[in-house]
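The values are calculated or read from the model by the stated rules, or taken from the named source; none is laboratory data. These numbers come from a predicted model, not from an experiment. Backbone-built Cβ (ideal geometry, glycine too); neighbour counts: all protein chains shown. The protein model used for the area step is the full one, side chains on, heavy atoms only, and it has no ligands, DNA or RNA in it. Shrake-Rupley method; radii C 1.70, N 1.55, O 1.52, S 1.80 Å.
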Amino acid sequence: MTTMRILPDDLPKSGYQPQLATPPSAGRALSVLIAVCAVLWIWLMLPQWWLANGVARQNQVSHIVFHEIVVWLIISSVNIILLQYATRPMWLGERASLLEEAKRGFVLLLCLMFHLITPAFALFLLMALAMD
């Protein structure tokens, strides 16, 4: 007759083995913020770069690129991307060392400022375009 014995916990097991959660990186969140700012800058410069020699065609491209729906889609999509990949991990991440906490706090502050400034920027852009 065989007897069952309890195995120690340190033996390797087959199947799914959960990994320890690593704290979110402030550098990764900052790179997401910089990438989102670069996308916005390219979107703003697109009419000047594309067909810069023809003023009439540039105005036509500018009207398409800066249409109200496009403005709100771009602003909301970059805010959602930044929220998902930078703001939320910095906000909900576990506490690390004091230096890492300072880095996370600074990047979180930058992300929150971005979230507050971009809707105001979109309104300003739409009002400026309405005056033309």
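Taking the criterion of being open to solvent by 50 Å² or more (accessible area, probe 1.4 Å) and not aromatic (Phe, Trp, Tyr), the residues of segment 99-109 that qualify are Leu99, Glu100, Glu101, Ala102, Lys103, Leu109. Each residue in segment 60-80 was checked for being loosely packed, with under 15 Cβ neighbours inside 10 Å and touching a residue at least 40 places away in the same chain (Cβ under 8 Å), and 2 pass. Within segment 85-98, residues that are modelled with pLDDT of 80 or more and surrounded by 10 or more Cβ atoms within 10 Å (Cβ to Cβ) reach partners that are outside any loop (DSSP other than H, G, I, E, B) and not hydrophobic (A, V, I, L, M, F, W, C) with beta carbons closer than 6 Å, at six or more positions or on different chains, in the pairs Met90/Arg104.
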